[in-house]
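The values are calculated or read from the model by the stated rules, or taken from the named source; none is laboratory data. Every value quoted in this text rests on a predicted model; they were computed, and no experiment measured them. In this analysis, Cβ positions are derived from the backbone assuming ideal geometry, glycine residues included, and neighbour counts consider all displayed protein chains.
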Amino acid sequence: MKQLIIFATGNKGKIREIRDIITDPNTEVLSMREAGVSADPDENGTSFEENALIKARAVYDVIRQKKEAGTLCFDTTDTQITVMSDDSGLVIDALGGEPGIYSARYLGYDTDYNYKMEQIMKRMENVPDKERTARFVAAVGAIFPDGSEHVVLGAMEGVIARGIYGQNGFGYDPFFYLPEYGKTSAEITEEEKNAISHRGKALRAMLAQFEAWQRSGEAAQETDAACGDHK
């Protein structure tokens with residue numbers, strides 16, 4: 001059975017990172033746009049976990065409606081569809097957890113990230129190095145083919161730098177310093193980032209849950225077959 005994961009994002013950087021992590025040849029990953037799905041729910045949750053599931057539910061409902069109407073733009077023959085979504089953000093201890101779940105909206109949705117980072121650094125100008133601790137947090141929510149809901153968290157620890165460095169990554173990566181690398185997360189390679197990133201950790205945890213779900217289904221089928229043989 002082929003597995004199709006529709007990830008509720010239009011962010012090309014996220015999709016690239018997700019595809020680098022999900023390497024199973026029997027699993028295809030599509031963005032909402034690639035799947036011909038449009039959903040823009042109000043992310044009014046109070047945590048990363050709640051917002052991740054809000055997005056996943058919205059996309060799942062659209063896919064279900066399109067499937068019932070026969071208007072999906074991709075073939076679902078011998079295919080199980082899983083919807084995944086993430087909500088992630090930067091949590092800075094010296095700012096009381098800001099920008100947190102509002103990371104993408106901080107100082108406005110369309111505000112350039114360099115501007116966002118510059119304003120944060122100004123607010124933290126007098127914060128000593130040892131108190132500049134922060135973490136990227138990601139929640140990955142998923143709705144499996146049987147409709148069951150799942151959510152996991154991942155985090156990447158670091159500190160807020162006093163400047164913007166590096167061309168890799170996206171968002172707040174250029175001022176998020178990783179002491180173990182001596183670089184920001186915009187200066188390390190994609191392979192290095194995928195190994196330690198908040199999203200990578202959450203995705204791997206979710207994939208472990210998904211694989212466990214698949215195994216439980218296979219075990220149930222084997223049990224049903226064995227019972228049938230003895231009838």
- Task: Collect the residues in the range 19-41 that are hydrophobic (A, V, I, L, M, F, W, C) and at pLDDT 85 or above, keeping them in residue-number order.
- Result: VAL29, LEU30, MET32, ALA35, VAL37, ALA39
- Enumeration of residues in the range 83-100 that are under 21 Å from GLU149 (Cβ atoms) and surrounded by fewer than 22 Cβ atoms within 10 Å (Cβ to Cβ): none
- Selection from the range 154-183 of residues that are without any contact (Cβ under 8 Å) to a residue 24 or more places away in the chain and over 18 Å from LEU95 (Cα atoms): TYR165, GLY166, GLN167, LEU178, PRO179, GLU180, TYR181, GLY182, LYS183
- Message: Quick check on TYR177: is it of a type in the set (Ser, Thr, Tyr), touching a helix residue (DSSP H, G or I) at 6+ places or on another chain (Cβ under 8 Å) and crowded, with 20+ Cβ neighbours inside 10 Å?
- Response: no
- Task: Go through the range 44-88 and give me each residue that's of a type in the set (D, E, K, R) and part of a strand (DSSP E or B).
- Result: ASP86, ASP87
- Among the residues of the range 9-27 satisfying the criterion of being of a type in the set (A, V, I, L, M) and over 11 Å from the mean Cα position of the chain (by Cα), which is surrounded by the fewest Cβ atoms within 10 Å (Cβ to Cβ)? ILE21
- Message: What's the total number of residues in the range 21-40 that are under 11 Å from LEU207 (Cβ atoms) and in a loop (DSSP other than H, G, I, E, B)?
- Response: 3
